[in-house]
1. Calculated FRET efficiency, Gln103 and Ala75, Cβ-Cβ r, R0 22 Å, to nearest 0.05?
2. Go through Arg21, Arg5 and list them by solvent-accessible area, largest first, probe radius 1.4 Å.
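The values are calculated or read from the model by the stated rules, or taken from the named source; none is laboratory data. Given the structure is predicted, the values throughout are model-derived calculations rather than measurements. Backbone-built Cβ (ideal geometry, glycine too); neighbour counts: all protein chains shown. Heavy atoms of the whole protein, side chains included, go into the accessibility calculation; ligands, DNA and RNA do not. Shrake-Rupley method; radii C 1.70, N 1.55, O 1.52, S 1.80 Å.
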Amino acid sequence: MMQFRDKDGDVWESDGEGRLRCVRANDPDDVGLDLSAADVDEDYGPLTPAAEEPSETPSAPVSPLFSADHVLSRASVFQSAHALVTGLAWGEEQKPSVYDVLQVARFLEES
């Protein structure tokens, strides 16, 4: 079964037929909710695929000289992400949003 995280970090599990069930949530009342994927995305989204459980101790970078913190400040990471996203070809109806930029910035920080 595929799992997804919503904007609040809650975990939703797919039944493979277009429905999602909340299996882990910050608000205990949300656990067990069974909604269509479109409803979950609209009310709780954006949904992103949930990765494996994070380890309790994050792995240290190979060398601190090569970590994103030492190479780029947070502002330059955001500026680089903004330049990448706005440099892409977007359709006439599509425009990059701040969420697109933040997702790219998150990727740049993790790599």
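1. Details: r = 17 Å, r/R0 = 0.79.
So, using R0 = 22 Å, E works out to roughly 0.80.
2. Descending order: Arg21, Arg5.
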